[in-house]
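> Encoded as C-alpha cells, here's the structure I'll be asking about.
The values are calculated or read from the model by the stated rules, or taken from the named source; none is laboratory data. Just so it is clear, the model here is predicted, and its values are computed rather than measured. Every residue, glycine as well, gets a Cβ built from its backbone with ideal geometry; the counts of neighbours run over all protein chains shown. These accessible areas exclude ligands, DNA and RNA; they are computed on the full protein's heavy atoms, side chains included. Shrake-Rupley method; radii C 1.70, N 1.55, O 1.52, S 1.80 Å.
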Amino acid sequence: MKRKSVAVVGAAETTELGLIPNLSQLQLHADAALNTLADAGLKPTDIDGVATAGESPTSVAHYLGITPTWVDGTSVGGCSFMIHVRHAAAAINEGLCTTVLITHGESGRSRIGSGRFGASPASLAGQFEAPFGTMGPPTVFTIPVLRYMKTYGITEEQLAMVAVVQREWAGKNPRASYRDPITVADVLNSRMIAYPFRLLMCCLVTDGGGALILTSAERAKDFPRKPVYILGTGESVETPMVSQMADFTTSKAFRVSGKKAFEEAGIAHKDVDHLMIYDAFAHLPLYGLEDLGFCKPGEAASFIWERNTAPGGKLPLNTNGGGLSYMHSGMYGMYAMQESVRQLRGVAPAQVPNAKISIAHGVGGMFAASGTIVFSNQAP
Amino acid sequence: MAELKRPLPHPTPETQHFWEGTRQGELRLQRCDDCRHVYFPPRPFCPKCASRKVSVFKASGRAKLYSYVISHRPAPGFTPPYAIAVVELAEGPRMMTNIAGCAQTPEVLALDMPLEAVFEKQTDDITLALFKPVKG
Ligand SMILES: [Zn+2]
C-alpha cells in the first residue's frame, strides 16, 4: 500500500449520544453522516465511496443519496470501522474512489430498527458455545480473564483500577455518560455480572453514531479542518469462538494488527502521544497495552495502577472516558477514532497538549477481530 | 409462559459424529492422519496442515479447568449464578462447557482442577458433554 497519502477531512458523532429513542439505527448513521459532511464542507453528491457495518453500505448510500464507485461492508464487529479506514486508504490510493464516507450508527439501548443478536444454532458458536448459557458479551468476552489473572498474578483490584482511571478521564468530558469519580472499592462493590466482572467493569449500552470522511492527503489541505493523516493501518481476525483463542492471555488478532500498523507507520512506541484501546470490558486495555507492545506481558495492570495512562501520565489512554464511561453503542470502534481525531485537531475536551501521533486500536466480536490505525496531524 | 430451555445445537454434516458420540456417552475428537494434530471443533480436514485424511477417535474425557466466568445474568435453562467454563482436554483441544456436580463459586472452581466428562441428555437427538470434578 502506498502509505502516508490519505487523510481524515471530516469527523463527527451524532448530535446526541446516550438515550435516543426517537431515531432508528439507519437515521443514527445518517445523523452522523450529515454532521460529518457539514464538518468537511461537503454534500452527499461529493462522496463516491461508502463503508459501513451494522447496516449495509447499500442502505446507507441510498438513504443519503450517494452513488458510490466503491463500497465496503466489512462487518467483523466493533473494529470494522478501523478496517474500513484501512480499506478506504487503499482504495483512494488505487484510484477506485476519491472521497470515502464511513458511517456507524447503533440503537444499542433503544433497539429501534436494529438487528437481532445471536449465532445461528447450526454455526460452530451456536453448536459449541451457546448451549452452555452464554448470554451476550458480558459472559463471553470475559471468559479468558481468569486464566490471564492466574498466569500473571493480577488482582481484582487491578482490574477495577482500569475503570477508575477511565472515569477520571470521563470527568473531564461533558458528553460522557458517567462523570462522577469512582474508587476501586466502588467498582468491587458494584453488582456482580459475570465473576470476576462487576457492573462497573462492563461497558455502557447506549445509542449513537459517528462518521469519518477520508480523501487523499494532497486534497486534504483544501478542507476547512486541519487534516489528520493516516500513517499506518493494520487488521486481522482470529476466531469467532472465544473458547478457541490460541492463548487466553493474549490476542493474536491484536498482535498481528498492531504490528502491521506500527510497521506501516514507521514509528516507535515512544513516538505515540495518545492511545485509544477499545474497552468493552476492563480487561481489554490490559490485553491491548501488552499486545500492541506498550507493556511486557503481564505488566499492563501495574502500568495503569501507577497512573501512566491517567490524566498527567506519560501515555494518555481512552481520554474520552472509553466504552466504560463515555458511551458504547455495541460497535464502539468509531468513537475511539473520533477521539483520536479530536485530540489531533486539538479540540478534545480532555486535550493532550501537543499530541502529534495517536493510535486507535479496536476489537471486533469477542477477541474475534482487530483493526489498528495510526493517526498524525503532521503531514507525512 | 412455556418453560425455557437452553439453546440447543443444530448439528451439521461436519459435526454429526460429535453429537452421535455424545448420545452414546463418548467424547469424540478428530486427529490428522498425516501430522497427528488433534483438534476441535469438528471439520473434515486438519486445521494445521489442511490434509483431508483425518480420523475420529474416542477421547479420554479427562480435562482440566482452563478458565471461566460465573454468570449472574438470567439465561433460559439456567439458574444463576452458574459457571460458563472452558476446559482443556487431556488430548489438547479446549472446549466450552458447564461444570456439573459442584458449587458454582470461585472457591470451589479452582483453575487447573482435574475434571471428567459427563453426558447430559437434552432431547432424543442432543446430549451435551459437561464436566465434573474428579473425586480424589
Ligand atoms: Zn495435519
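Here's the yes/no breakdown for (1) in a loop (DSSP other than H, G, I, E, B); (2) touching a Phe, Trp or Tyr at 6+ places or on another chain (Cβ under 6 Å); (3) not small (Gly, Ala, Ser):
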| residue | (1), (2), (3) |
| --- | --- |
| A:ILE20 | yes, no, yes |
| A:LEU34 | no, no, yes |
| A:TYR63 | no, no, yes |
| A:ILE66 | yes, no, yes |
| A:VAL76 | yes, no, yes |
| A:MET82 | no, no, yes |
| A:HIS87 | no, no, yes |
| A:ALA90 | no, no, no |
| A:THR98 | yes, no, yes |
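> Would you please list the contacts, defined by Cβ atoms under 8 Å and residues six or more apart or on different chains, that run from a residue in the stretch B:32-59 that is touching a residue at least 24 places away in the same chain (Cβ under 8 Å) to a residue that is assigned to a loop (DSSP other than H, G, I, E, B) and within 11 Å of the ligand (Cβ to nearest atom)?
Pairs that qualify, where the first residue is touching a residue at least 24 places away in the same chain (Cβ under 8 Å) and the partner is assigned to a loop (DSSP other than H, G, I, E, B) and within 11 Å of the ligand (Cβ to nearest atom), are B:TYR39/B:CYS46; B:TYR39/B:PRO47; B:TYR39/B:LYS48; B:PRO44/B:ARG52; B:VAL54/B:ASP33; B:VAL54/B:PHE45; B:VAL54/B:CYS46; B:SER55/B:ASP33.
> Looking at the stretch B:59-98 only, could you name the residues that are among the hydrophobic types (A, V, I, L, M, F, W, C) and either more than 10 Å from chain A (Cβ to nearest Cβ) or farther than 20 Å from A:GLN244 by Cα (or both)?
Kept after step one, since they are among the hydrophobic types (A, V, I, L, M, F, W, C), are these residues of the stretch B:59-98: B:59, B:63, B:65, B:69-70, B:75, B:78, B:83-87, B:89-90, B:95-96.
Across the stretch B:59-98, the qualifying residues are B:ALA59, B:ALA63, B:ALA75, B:PHE78, B:LEU89, B:ALA90.
> Moving to a separate point now. Applying the selection to the stretch A:113-147, what residues are modelled with pLDDT of 90 or more, among the small types (Gly, Ala, Ser) and either open to solvent by 40 Å² or more (accessible area, probe 1.4 Å) or more than 16 Å from B:PRO76 (Cα to Cα) (or both)?
Hits for the stretch A:113-147 are A:ALA122, A:SER123, A:ALA125.
> Something else: Within the stretch A:150-171, which residues are open to solvent by 20 Å² or more (accessible area, probe 1.4 Å), assigned to a helix (DSSP H, G or I) and either within 14 Å of another protein chain (Cβ to nearest Cβ) or modelled with pLDDT under 95 (or both)?
Within the stretch A:150-171, A:LYS150, A:THR151, A:TYR152, A:GLU156 meet the criteria.
> Quick check on the stretch A:193-203. Is at least one of its residues free of Cβ contacts under 8 Å to residues at least 24 places away in the same chain, touching a helix residue (DSSP H, G or I) at 6+ places or on another chain (Cβ under 9 Å) and more than 14 Å from every other protein chain (Cβ to nearest Cβ)?
no
Table: residues versus (1) within 16 Å of the ligand (Cβ to nearest atom); (2) open to solvent by less than 60 Å² (accessible area, probe 1.4 Å).
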{"position": "B:HIS10", "(1), (2)": "no, no"}
{"position": "B:THR22", "(1), (2)": "no, yes"}
{"position": "B:PRO41", "(1), (2)": "yes, yes"}
{"position": "B:SER51", "(1), (2)": "yes, yes"}
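> Just to be sure I understand the filter: pairs with C-beta atoms under 8 Å, separated by 6 or more residues or on different chains, first member in the stretch B:5-18 and more than 9 Å from chain A (Cβ to nearest Cβ), second member charged (D, E, K, R) and surrounded by 16 or more Cβ atoms within 10 Å (Cβ to Cβ). Which pairs pass?
Cβ pairs passing all conditions: B:HIS17/B:ARG28.
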